[in-house]
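The values are calculated or read from the model by the stated rules, or taken from the named source; none is laboratory data. The structure presented is a predicted model; accordingly, all values stated were derived computationally and were not measured. Ideal geometry is used to build each Cβ from the backbone, glycine not excepted, and the neighbour counts take in all protein chains shown. The accessibility values were calculated without ligands, DNA or RNA, using every heavy atom of the protein model including side chains. Shrake-Rupley method; radii C 1.70, N 1.55, O 1.52, S 1.80 Å.
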Amino acid sequence: MTVYTTIDSPLGQLLLVGEPAGNEAGTGVVLTSLSVRGGKGPVVRDEWTEDPRAFAAVIAQLRDYFVGGRTEFEIESTGGGSEFQRRVWAALEEIPYGATATYGEIAARIGASRAAVRAVGTAIGANPLLIVRPCHRVIGADGSLTGYAGGVESKQRLLELERARRVA
């Protein structure tokens, strides 16, 4: 069963999608997607069930993040993706709050060649968990804000929220 909800945020409406966590209390969710509604990401399907209560912990963490009170997320999520994508996504999670890395640096962190930068960018673009898995912290080698599934303006807002600085 797939559940979803939407919340308002400084980036616009966010769409949260998941599966019930299946814990004894019958509460919570395993997050499968977090996207800016209307952007790159899933579209609500008729067979999905709207269940804002299942996302209560996720929503609380996101709201805390948007007011500057949270620098890391503690959200259960599904792996998904290919082996290469999972390696790239794990490298994203290592970029600290308030810092940035380049696509080339991500390639180097996962042991990929310099020629793999485009593949790294594609894997980052396939990240289904915006904000939570911080792909917004990846920038071009020249410092430019290249691509973001939520839109480059959203990427800039997130980096400003985090007061991001450049790190090697």
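Would you mind counting up the charge near Phe66? Only other residues with Cβ under 15 Å from its Cβ, with Lys and Arg at +1 and Asp and Glu at -1. Mind showing how you got there, number by number?
Working: positive: Arg63, Arg70, Lys155, Arg157, Arg163; negative: Asp8, Asp64, Glu72, Glu160, Glu162.
Local net charge: 0.
Can you give me the distance in nm between label points at Glu83 and Thr6, each placed 7 Å from the Cα along the Cα-to-Cβ direction?
4.0
Report the FRET efficiency, 1/(1 + (r/R0)^6), for Asp46 and Thr122, where r is their Cβ-Cβ distance and R0 is 30 Å, rounded to 0.05. Write down the numbers at each step before the final one.
Details: r = 30 Å, r/R0 = 1.01.
So, using R0 = 30 Å, E works out to roughly 0.50.
Pull up all non-local amide H partners of Leu129: gap of 5 or more, or a different chain, and H-to-H distance under 5 Å with H placed in the peptide plane.
For Leu129, whose amide H was placed from the backbone, the distant partners under 5 Å are Leu34.
Please list 3J(HN,Hα) in residue order for region 134-150, calculated via the Karplus relation 6.51 cos²θ - 1.76 cosθ + 1.60 where θ = phi - 60°; whole Hz, with x for glycine and proline.
Result, rounded to whole Hz: x, 5, 5, 7, 9, 10, x, 4, 8, x, 6, 8, 8, x, 6, 4, x.
Decide, for region 20-86, between rounded, prolate and oblate: order the square roots of the alpha carbon gyration tensor eigenvalues as a ≥ b ≥ c, take rounded if a/c falls under 1.5, and otherwise choose prolate if a/b is larger than b/c, else oblate. List each step's numbers first, then the result.
Working: a/c = 1.24, a/b = 1.06, b/c = 1.16.
The shape class here is rounded.
Of the beta bridges DSSP finds with both residues in the chain, what % are antiparallel, to the nearest 5? Spell out each step's value before the answer.
On the way: 14 of 22 bridges.
That works out to approximately 65 percent antiparallel.
For region 10-66 and region 78-120, compute the distance between their C-alpha centroids and round to whole Å.
24
What is the magnitude of the charge dipole of the chain about its Cα centre, with +1 placed on the Cβ of each Lys and Arg, -1 on the Cβ of each Asp and Glu, and no other charges, expressed in debye to the nearest 20? It would help to have the intermediate numbers written out before the result.
Numbers: 18 positive and 19 negative charges, 149 e Å.
Computed charge dipole of the chain: roughly 720 debye.
Just how many % of Cα pairs in the chain lie over 22 Å apart, if you round to the nearest whole percent?
Details: 5887 of 14028 pairs.
In whole percent, the share of Cα-Cα pairs in the chain beyond 22 Å is 42.
Residue by residue through region 77-92, what is 3J(HN,Hα) from phi via Karplus (6.51 cos²θ - 1.76 cosθ + 1.60, θ = phi - 60°)? Round to whole Hz and write x for glycine and proline.
Along region 77-92, the couplings run 9, 8, x, x, x, 7, 4, 4, 4, 4, 5, 5, 5, 5, 5, 4 Hz.
Taking a label point 7 Å from the Cα of Arg63 along the Cα→Cβ vector, which residues of region 1-20 have an amide N closer than 20 Å to it?
Zone members listed by number: 4-18.
Give me, ordered by chain and number, the residues 5 or more places off Arg37 or on other chains with an amide H under 5 Å from its own placed amide H.
When sequence neighbours closer than 5 places are left aside, the close amide H contacts are Gln13, Leu14, Leu15.
For a test of the definition: using alpha carbon positions, the gyration tensor, and the 1.5 limit on a/c, classify region 83-166 as rounded, prolate or oblate.
Values: a/c = 1.60, a/b = 1.44, b/c = 1.11.
Prolate, because a/c is 1.5 or more and a/b exceeds b/c.
Where in region 77-168 are there trypsin sites (Lys or Arg not before Pro) that are in a DSSP coil and have at most 13 other Cβ atoms within 10 angstrom of their Cβ?
Working: sites: Arg86, Arg87, Arg109, Arg114, Arg118, Arg137, Lys155, Arg157, Arg163, Arg165, Arg166; in loops: Arg163.
Of the trypsin sites (Lys or Arg not before Pro), the ones in loops of region 77-168 whose Cβ has at most 13 other Cβ atoms within 10 Å are Arg163.
How much of the accessible area of region 83-166, in percent, comes from carbon and sulfur atoms when a 1.4 Å probe is used? Please report the intermediate quantities before stating the final value.
On the way: 1960 of 3850 Å².
Ligands and nucleic acids excluded, carbon and sulfur reach 51 percent.
May I ask you to list the GluC sites (Glu not before Pro) in region 1-50 that are in a DSSP loop and have at most 11 other Cβ atoms within 10 Å of their Cβ? Write out the running numbers ahead of the final one.
Working: sites: Glu24, Glu47, Glu50; in loops: Glu24, Glu47.
The qualifying sites are Glu24, Glu47.
If you plug each phi of region 94-108 into the Karplus form 6.51 cos²θ - 1.76 cosθ + 1.60 with θ = phi - 60°, what whole-Hz ³J(HN,Hα) values come out, in order, with x for Gly and Pro?
8, 6, x, 3, x, 10, 10, 9, 8, 4, x, 5, 5, 4, 5
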